[in-house]
1. Which condition number in (1) aliphatic (A, V, I, L, M); (2) at pLDDT 95 or above; (3) under 28 Å from Glu15 (Cα atoms) is the one that Leu188 fails?
2. Looking at Ala239, Ala231, Ala269, which one is outside the structural domain of Asp129 (by TED's automatic domain parsing), small (Gly, Ala, Ser) and assigned to a helix (DSSP H, G or I)?
3. Residue under question is Leu177, and the condition is that it be in a helix (DSSP H, G or I) and either touching a residue at least 40 places away in the same chain (Cβ under 8 Å) or of a type outside the set (A, V, I, L, M, F, W, C) (or both); does it hold?
4. Name the pairs whose Cβ atoms lie under 7 Å apart, with the first residue in region 106-117 and among the β-branched types (Val, Ile, Thr), the second assigned to a loop (DSSP other than H, G, I, E, B), and 6 or more positions between them or separate chains?
5. Can you name every residue in region 29-45 that is in contact (Cβ under 8 Å) with a residue 12 or more places away in the chain and of a type in the set (Asp, Glu)?
6. Kindly list, by first and then second residue, each pair from a residue in region 16-28 that is farther than 17 Å from Ser130 by Cβ to a residue that is modelled with pLDDT under 85 and polar (S, T, N, Q), limited to pairs with Cβ atoms under 9 Å and residues at least 6 apart or on different chains.
7. For the subset of region 46-81 comprising residues that are free of Cβ contacts under 8 Å to residues at least 60 places away in the same chain and acidic (Asp, Glu), which member is surrounded by the most Cβ atoms within 10 Å (Cβ to Cβ)?
Amino acid sequence: MMKKTAFAEKNRIIESLAKRNIVPVSSSEKQYNFEIIFGNKKEKCSLNIYFGKSGVKKVLQGKKDSEIYDCISEVLGIQKAEEKPRLYPSNYIGSDESGKGDFFGPLVVAAVYLNQDLQKNISGLGVQDSKNLSPLQIEKLGKKLLDILAGNYSTEILTPTDYNQKYSAYKNLNSLLESLHVQAIGNLLEKKKPEQIIIDEFSKKAVTFDNKYNLTGIEVIQRTKAEEFQAVAAASIIARYKFDCWFKEQENLGIILPKGASNAVDEAAAKYYKKYGDAFFEKYAKLHFKNFIKMKNIKI
């Protein structure tokens, strides 16, 4: 039983790290553990997942100040010894997005408002960066969060058709993202008065809010890895859940679309292009991606 649990955890970790472009150099099964090696000669980490009567135990070894070690530690939920516990806001809005790196599918931005009571309501659910969760976990958590946070979240969803129209106007993904973050947060500002707004950083340029939003007394923070804040993590899950729902809707219509922007996506795109032509992609894909040009040169 423990071996099966350890195997599932191994796959979850590998999938989560793959989304961060970190893939195993090798993966092997031993008598009492799974061993996974990441990195290269200069920067290598080994992760051992032990299974036994006492349960599943994960041991990470490697250069602790390396980028690979940091990423694996984050996925494992290991806090650096020198880090002090962070004091989290008691009344704030967090926002995050999903789909900006995917050739097929929509672009989704979600914003979540949390006060102390709402934070208590979602604590214990396992809310964290959606990149660390499996599709099944996102589905379960997404549904729970939509129920618990009813009236305290906002989503902006651009279907590929709308995305392509707006991108043509903005000519810049970060500008388009800024408009969606502002709109999602602004929807909550109409009925909430947070002390802070925390945005998962997608650009070094400061997000600008329209004059119609009264930000007096509200601190606006943009930072990387903002998913460590519960509201941003919840927003990332909701955004990804809505993103995944769009794909399921297409599957129900018989359109199976891969996620991401990998070679597998290119191959699938080339097949659809051969069958349906440009019109298909105007409805299902982001046309400014290099995949759109590349697929026309792939032989089927």
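The values are calculated or read from the model by the stated rules, or taken from the named source; none is laboratory data. Here the structure is a predicted model, which means the values were calculated and not measured. Please note: Cβ atoms are built from the backbone with ideal geometry, for glycine as well, and neighbour counts cover all protein chains shown.
1. Here Leu188 meets the rest and fails (3).
2. From the options Ala239, Ala231, Ala269, the qualifying one is Ala269.
3. Values: in a helix (DSSP H, G or I): yes; either touching a residue at least 40 places away in the same chain (Cβ under 8 Å) or of a type outside the set (A, V, I, L, M, F, W, C) (or both): yes.
Taking the combined requirement at face value, the residue satisfies it.
4. Partner pairs satisfying both residue conditions: Val108/Gly99; Val112/Leu149; Val112/Asn152.
5. Taking region 29-45 as the starting set, the residues that turn out to be in contact (Cβ under 8 Å) with a residue 12 or more places away in the chain are 32-40, 43-45.
Glu35, Glu43 - these are the residues of region 29-45 that are in contact (Cβ under 8 Å) with a residue 12 or more places away in the chain and of a type in the set (Asp, Glu).
6. Pairs found: Val25/Asn40.
7. Narrowing region 46-81 to residues free of Cβ contacts under 8 Å to residues at least 60 places away in the same chain: 46-73, 77-81.
With the extra rule that they be acidic (Asp, Glu), the set shrinks to 65, 67, 70.
Numbers: Asp65: 8, Glu67: 12, Asp70: 15.
For region 46-81, the residue satisfying everything is Asp70.
Matching residues to (1) over 20 Å from Ser236 (Cα atoms); (2) modelled with pLDDT under 90; (3) not hydroxyl-bearing (Ser, Thr, Tyr):
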| site | (1), (2), (3) |
| --- | --- |
| Ala18 | no, yes, yes |
| Gly39 | yes, yes, yes |
| Gln79 | yes, yes, yes |
| Lys100 | no, no, yes |
| Val109 | no, no, yes |
| Leu114 | no, no, yes |
